[in-house]
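Asks: Below: one structure in structure tokens.
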Amino acid sequence: MPRIIAIANQKGGVGKTTTCVNLAASLAAMKQRVLLVDLDPQGNATMGSGVDKYAVEQSIYDVLVHRTPVSEVAQPAGESGFHVLPANGDLTAAEVELMQVEGRERRLRASLATAAQDFDYILIDCPPSLNMLTLNGLVAADGVIIAMQCEYYALEGLSALMDTIRRVADSVNTSLQVEGILRTMYDPRNSLTNDVSSQLHGYFGDKVYRTVIPRNVRLAEAPSHGLPAMYYDRYSRGSRAYMALAGEIIRREEQRVAAATGVATDE
Ligand code: ADP
Ligand code: MG
């Protein structure tokens with residue numbers, strides 16, 4: 001079974017999409033089979049993966065609204081070694097079209113279940129709001145990576161996100177957990193960064209990834225070339241940080257699986 005990870009934060013501009021694309025490429029470089037699901041009508045993860053959102057014939061919209069199989073819609077992210085379920089502006093209509101549909105927040109979960117054998121990791125890039133699309137992401141996921149910038153207002157929106165995660169975990173998706181807290185655009189020279197960092201450690205403990213993503217111009221430039229940073233500037237600090245994050249995630253996953261099977265054999 002793949003590990004399904006939603007990358008969320010209803011705040012925009014915190015590095016969700018950058019994380020999705022670069023983590024997908026890094027996990028793929030580590031021989032993992034990866035599907036990136038773009039759930040944002042802006043389609044930035046799609047474009048950043050080298051897929052032209054204006055040229056796609058089918059998109060995540062068709063998966064959600066018409067139940068088109070994932071295998072028909074997914075496409076390779078250029079030469080980057082992972083697959084993408086692309087999104088574009090069509091997706092804004094999905095919320096309205098699914099309004100009257102029973103179980104609309106389970107659409108993505110049901111679709112991904114049919115593609116489970118094909119992937120080791122499925123990464124879901126959530127839009128910057130707590131709408132029906134994000135809900136679909138959370139209902140489909142095993143874990144949530146919360147991407148956040150260590151700035152003064154960063155913690156403010158967190159309680160609404162945590163409430164939403166808790167509500168989903170208490171109802172439709174009881175296995176949902178916070179997978180990890182990722183500090184993005186990190187600047188250790190800023191004392192506020194350190195304050196927020198220690199608050200995060202206090203609240204989330206070892207869920208906070210050791211890897212931090214530095215502020216790095218290569219990460220901001222790469223999307224305009226339709227490339228993950230590692231194929232734009234392999235040795236940039238940004239691309240190395242995402243490789244480190246992929247390593248940390250794979251190690252955590254191995255530990256989780258070992259612990260789970262350990263419990264199983266004790267029974
Ligand atoms: P979100 O998906 O949360 O809205 P993005 O990943 O699109 O955020 O990032 C917002 C902007 O910041 C983009 O222009 C992106 O290129 C830039 N960016 C993201 N992460 C970094 C980083 N670590 N260093 C420099 N720029 C970054
Ligand atoms: Mg985004």
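Asks: Determine ³J(HN,Hα), in whole Hz, for all residues of the range 171-182 in sequence, where each value follows from phi through the Karplus function 6.51 cos²θ - 1.76 cosθ + 1.60 and θ = phi - 60°; x replaces Gly and Pro.
Replies: 10, 7, 9, 5, 8, 5, 9, 6, 6, x, 10, 10
Asks: Another question, then. Can you tally the net charge around Ala169? Count Lys and Arg as +1, Asp and Glu as -1, for every other residue whose Cβ sits under 15 Å from the Cβ of Ala169.
Replies: Surrounding charge for Ala169 is 0.
Asks: In addition: Return the ratio Rg/(2.2 N^0.38 Å) for the range 135-234, where Rg is computed over Cα atoms only.
Replies: 1.23
Asks: Looking at the range 3-261 from every direction and averaging, what is the projected area of its Cα convex hull in nm²?
Replies: If you wrap the Cα atoms of the range 3-261 in a convex hull and average its projections, you get 13.0 nm².
Asks: Please get the size of the charge dipole for the chain, origin at its Cα centre, with Cβ charges of +1 on Lys and Arg and -1 on Asp and Glu, quoted in debye to the nearest 20.
Replies: Roughly 660 debye, rounded to the nearest 20.
Asks: So what J values fall out for the range 108-123 if you push phi through Karplus, 6.51 cos²θ - 1.76 cosθ + 1.60 with θ = phi - 60°, rounded to Hz, Gly and Pro as x?
Replies: 5, 4, 5, 5, 5, 4, 6, 10, 4, 6, 8, 9, 9, 9, 10, 10
Asks: Then there is this: Sum up the charges of everything whose Cβ sits under 11 Å from the Cβ of Glu72, counting Lys and Arg as +1 and Asp and Glu as -1, but leave Glu72 out.
Replies: So the surrounding residues net to -1.
Asks: Could you give the nm distance between label points at Ser129 and Val217, where each point is 7 Å from its Cα heading toward the beta carbon?
Replies: 3.5 nm
Asks: Counting Lys +1, Arg +1, Asp -1, Glu -1, what net charge surrounds Asp187 among other residues with beta carbon under 15 Å of its beta carbon?
Replies: Spelling it out: positives minus negatives among the neighbours equals +2.
Asks: Here's a follow-up. How far is the Cα center of the range 208-267 from the Cα center of the range 1-26, in Å?
Replies: 10 Å
Asks: Out of residues 5 or more away from Cys150 or on other chains, whose amide H comes under 5 Å of its own, with H placed 1.01 Å from N in the peptide plane?
Replies: Residues meeting the amide H criterion: Thr184.
Asks: Right, another one. Stretched out fully, how many nm does the piece from His225 to Arg167 gain, at 0.36 nm a residue minus the Cα gap?
Replies: 17.0 nm
Asks: Could I have the simple spin-label model distance between Glu248 and Arg106, label points 7 Å from Cα toward Cβ, reported in nm to one decimal?
Replies: Each label point is offset 7 Å from its Cα along the Cβ direction, giving 3.5 nm.
Asks: Which residues among the range 152-172 fall inside the zone where the amide N is under 20 Å from a point 7 Å beyond the Cα of Arg256, along Cα→Cβ?
Replies: Counting backbone N atoms under 20 Å from the label point, the list is 161-172.
Asks: Would you compute, from DSSP H runs of 4+ residues alone, the mean residue ellipticity of the chain at 222 nm, taking -39500 (n - 2.57) per run and dividing by the full residue count, rounded to the nearest 500?
Replies: One gets -12500 deg cm²/dmol as the mean residue ellipticity at 222 nm.
Asks: Taking 0.36 nm per residue of separation and subtracting the Cα-Cα distance, what length does fully extending Asp195 through Gln177 add?
Replies: Between Asp195 and Gln177, full extension yields an extra 4.0 nm.
Asks: Which of the GluC sites (Glu not before Pro) across the range 76-131 are loop residues per DSSP, with 13 or fewer other Cβ within 10 Å?
Replies: Here the sparse-neighbourhood loop sites are Glu79, Glu102.
Asks: With r defined as the distance between the Cβ atoms of Glu95 and Leu155 and R0 fixed at 35 Å, what FRET efficiency is calculated, to the nearest 0.05?
Replies: 0.80
Bear in mind that the values in this text are calculations on the coordinates, not laboratory data. Keep in mind it's a predicted model, so treat the numbers as computed, not measured. Note that each Cβ is placed from the backbone with ideal geometry, even for glycine, and that neighbours are counted across all protein chains shown.
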